[in-house]
Amino acid sequence: MKPFFSTLRARQLNGYVCQTCTRQLRRKPQRRSYASTSSRTPEIFDVVCVGGGPAGLSLLAALRANPITSTLKIALIESQSLTPTRTFSPSPDSFSNRCSSLTPSSVRFLSDIGAWKFVRGERVQGYGQMRVWDGVSGAAVHFDAFGGAEKEKRDEGGVVAYMNENVNLTAALLRRVEELGGVEILDGERVEDITLGREAEEGDLSQWPVVKLSGGRELAARLLVGADGANSPVRGFAGIESTGWDYGRVGLVATLCMEGEGEAEGRVKTAYQRFLPTGPVACLPLPGKFSTLVWSTTPELAAKLKSLSPRDFVGMVNAAFRLGVVDLKYLHTLEGGQEEEAAWREDHVGFDGSKIPQRVVGVQDGSIASFPLKLRHADTYIGERVALVGDAAHTTHPLAGQGLNAGQGDVESLARTIEYAVAHGMDIGVRMSLEQYMAERYVKNHVLLGVVDKLHKLYSVESGPLVGLRSLGLGAVDALEPVKAFFMRQAAGTGKIL
Amino acid sequence: MALFLRQSPLRTRLPAELLTACTICLNSRSFGVLNRPPPNYEGHVPLTRVERAGLAVGSAVMSWLNPRRGDLIAALGEATATPYFIYRLRDAMLASPTGRRILHDRPRISSKTLSMDYLRGLPANTVGRAYADWLDREGVSPDTRNSVKYIDDEECAYVMQRYRECHDFYHALTGLPVMVEGEVALKAFEFANTLLPMTGLSMFAVTRLKPAERQRFFTIYLPWAISNGLRSKDVINVYWEEQLERDVEELRNELCIEKPVDLRDIRKKDRARRKAEKEAKERSSDSLGIN
């Protein structure tokens, strides 16, 4: 009776008393009882991060770069090989179709952890203006980082955000992580199973997640970080529900070649987004004559667009920023010849060439792809010895370009939370240590997801009084500089709310 | 002086937002009578909002007083077509492949583009022949249509022109005559089909009809117009020039339009009935007198 009692007590103490002490407490009674049940013992890590995407890698870089957390024993598990990322050597006249906007606040964080210097600057394009308009009514709003109320922005070179290929960012983060060293990188290894450990000679791992890899290794984690994307196995292990809905839309991406560089009067470039009833279509500047397209549309229309010849696809993209909703609907029904049909309509549709993207002249071969759009928000970001970051915690519609930035915000907060726990001698894995991360991020992300979701729904409406109201609202935002400045600060990640 | 005004302290102290708001208000008053902008197409007369409203009211009243003033009805149609209605009609055309082809080719209907001799020579059951017969029966010509002047958008102006020129084809298709009673019935049909406000406003002409005609309109023609106008396909999207040799019944079926009772027949029968009644009355009074 007595040994059992003492084991129980030791287990309860586990969260509050340092590991070595609980091990001491338990040593005597366990020696006898577990002598025969020895399978292989897992390797013990402080932080095991599943997922080598931007969120996972930047968390590792942040932890390693900080002298307080650099003593932690860290492992990274990535199911795909990181070799292509490691050997990222792009040609200057082709760009990946998967690009994200990085807000100045994300760039500041990446600079702080020493990763931004490895990002290939010549492949990053800052933009200082945003033009957003309603495809049904034509109501428009123009954000300009040089605008009156945004004086502080001028110090940052008048940039709202930076467009960057995701692979450029992950390559830089990986270089930084490898420069700092001390991270066991297990790439090309799938997570076979995540279970709770068991009590063993070395200590009680019964509350610890143990990750079994396809290579046969087993890793026990004091803190298991799920940076493993929308279908997160870590979230599944932790039993955290993720609620939300599918938008019934896909994001069609492509790398576009424009007729010019798009730098009017030597100023920074402009990002364009037009809200169509099927979803927003955005043209975001990349260096040189390149731009990246993000066209949210229905799966059927996306399939149709993908089946078009490059010439007609280009015609459709040009039409998407110029022609009316009725014309676009009709163009989608054609088997071919969109370019000629669109050219005829352009003569009869009034548009201001200075307020829309330059003409697209080509699309990079094989760059057209699509992915389904979903809204998901995990019920919580933390569990006992589990934390979720990035897409594992939340996925959003790309219309605000905030998905990756929200992930960077998570990482910054989680790294700070871990640093606090380490500095104060707390166990970094227990829920109490992680609570700060949850408190800092959950509501912020929830507001972001909600706003983006409402925007999507508001602009899905094709006709009726709502179109008039939203146009009036957009006009008001455009006319009122302080309101505009507020939205600019939110978009740039320097605002107080998001 | 202007420079001085621009930099006056009052102006610099005004919040930028207020100025922007004022500019928006000022921008909506785009031009005055003395600085009319250049026309957007040949024959275009740009109007201010006040002028447009005046034209609408004036032409509505005058054409109610005299329903034969086709020019005033046309002006009413143009003055009330914007905002929204003419754009809706254009979008209806853009949504249909044939409608798009019409907008692309921009065909015009006149005695120059349609040879009357050719139409009269077509078989009796064709659309072209029905059109020619109708023109001959009513004694009108396709050249009596005014050009559109008051619609600002050049493409919408064409849509209005097309509607106007096709109006006679609608007459031919439905067989409704040009007299006020027939016009009102056809306008009701057009209103249900095209939603142009002028066609709806034209229904006020029903107040000018005789009680018997009015009763006929409300019991026979209005129900027919509403049900057919809503049910049928957009008649604006018919490429009439290509349909001339088609069977008129077939086209009616395709568009889901049923031919209403022939108005001229009804009127003739009604007249005959009244005459017979009158004669009978006279006869009976005569016989009474003898006895």
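The values are calculated or read from the model by the stated rules, or taken from the named source; none is laboratory data. It should be emphasised that the depicted structure is a prediction, and the values quoted were computed from it without experimental measurement. Glycine gets a Cβ as well: all are built from the backbone with ideal geometry, and neighbour counts include every protein chain shown. Protein only, heavy atoms only, side chains kept; ligands, DNA and RNA dropped before computing areas. Shrake-Rupley method; radii C 1.70, N 1.55, O 1.52, S 1.80 Å.
Brief remarks follow.
- Counted residues, region A:340-372 - those being within 14 Å of chain B (Cβ to nearest Cβ) and either surrounded by 20 or more Cβ atoms within 10 Å (Cβ to Cβ) or among the charged types (D, E, K, R) (or both): 6
- Subset tally (residues that are more than 9 Å from chain B (Cβ to nearest Cβ) and without any contact (Cβ under 8 Å) to a residue 40 or more places away in the chain) for region A:320-333: 4
- Qualifying residue in region A:255-267 (condition: buried (at least 21 other Cβ atoms within 10 Å of the Cβ) and assigned to a strand (DSSP E or B)): yes
- Any hit, region A:332-352, residues being assigned by TED's automatic domain parsing to the domain that holds A:Cys283, of a type outside the set (Lys, Arg) and in contact with a Phe, Trp or Tyr (Cβ under 7 Å, 6 or more places away or on another chain): no
- Meets criteria (closer than 30 Å to A:Val349 by Cα and in contact (Cβ under 8 Å) with a residue 60 or more places away in the chain) for A:Val136: yes
- Whichever residue in region A:294-320 is open to solvent by 20 Å² or more (accessible area, probe 1.4 Å) and among the polar types (S, T, N, Q) and, among such residues, is nearest to A:Ala343 (Cα to Cα): A:Ser309
- When the residues of region A:446-490 are filtered to those that are closer than 26 Å to A:Ala392 by Cβ and touching a strand residue (DSSP E or B) at 6+ places or on another chain (Cβ under 7 Å), the one that is most open to solvent (accessible area, probe 1.4 Å) is A:His446.
- Within region A:176-221, the set of residues being of a type in the set (Gly, Ala, Ser) and either under 13 Å from A:Val48 (Cβ atoms) or open to solvent by less than 10 Å² (accessible area, probe 1.4 Å) (or both) comprises A:Gly197, A:Gly203, A:Ala220, A:Ala221.
- Only one entry of A:Ala62, A:Ala115 meets the criterion of being in the same structural domain as A:Glu419 (by TED's automatic domain parsing), at pLDDT 90 or above and of a type in the set (Gly, Ala, Ser), and that entry is A:Ala62.
- Scanning region B:250-276 for residues that are in contact (Cβ under 8 Å) with a residue 12 or more places away in the chain, of a type in the set (A, V, I, L, M) and loosely packed, with under 14 Cβ neighbours inside 10 Å yields one hit, B:Val261.
- For region B:231-242, the set of residues classified as open to solvent by 20 Å² or more (accessible area, probe 1.4 Å) and either touching a strand residue (DSSP E or B) at 6+ places or on another chain (Cβ under 9 Å) or closer than 13 Å to B:Asn193 by Cα (or both) consists of B:Arg231, B:Lys233, B:Asp234, B:Asn237, listed by residue number.
- Index of the failed condition, B:Leu122 passing every other in (1) at pLDDT 85 or above; (2) more than 14 Å from chain A (Cβ to nearest Cβ); (3) part of a helix (DSSP H, G or I): (3)
- Scanning region B:42-76 for residues that are open to solvent by 30 Å² or more (accessible area, probe 1.4 Å) and touching a Pro at 6+ places or on another chain (Cβ under 9 Å) returns B:Val45, B:Ile73.
- Region B:77-101: number of residues that are among the hydroxyl-bearing types (Ser, Thr, Tyr), surrounded by fewer than 17 Cβ atoms within 10 Å (Cβ to Cβ) and part of a helix (DSSP H, G or I): 1
- Taking region B:102-119 as the range and being more than 14 Å from every other protein chain (Cβ to nearest Cβ) and in a loop (DSSP other than H, G, I, E, B) as the test, the residues that pass are B:Pro107, B:Arg108, B:Ile109, B:Ser110, B:Ser111, B:Lys112, B:Thr113, B:Leu114, B:Ser115.
- 3 or more residues within 14 Å of chain A (Cβ to nearest Cβ) and out of contact with any Cys (no Cβ under 8 Å at 6 or more places or on another chain): qualifying helices (runs of 4 or more DSSP H) within region B:126-237: B:154-174
- Annotation: A:Asp410 fulfils all but one of (1) among the charged types (D, E, K, R); (2) open to solvent by 40 Å² or more (accessible area, probe 1.4 Å); (3) under 28 Å from A:Val234 (Cβ atoms); the unmet one is (2).
- Residue within region A:321-339 that is closer than 30 Å to A:Ala392 by Cα and open to solvent by less than 20 Å² (accessible area, probe 1.4 Å) present: no
- Every listed requirement among (1) more than 23 Å from the chain's Cα centre (by Cα); (2) at pLDDT below 90; (3) open to solvent by 40 Å² or more (accessible area, probe 1.4 Å) is met by A:Met426 save one, (2).
- Residue match in region A:412-425 (condition: among the polar types (S, T, N, Q) and more than 14 Å from every other protein chain (Cβ to nearest Cβ)): yes
- Matching residues in region B:176-195 - criterion: being touching an Asp or Glu at 6+ places or on another chain (Cβ under 8 Å) and either buried (at least 20 other Cβ atoms within 10 Å of the Cβ) or free of Cβ contacts under 8 Å to residues at least 24 places away in the same chain (or both): B:Leu176, B:Glu181, B:Asn193, B:Thr194
- Restricting region B:63-100 to residues that are closer than 22 Å to B:Val206 by Cβ and among the aliphatic types (A, V, I, L, M) leaves a set whose member that is farthest from the other protein chains (Cβ to nearest Cβ) is B:Leu65.
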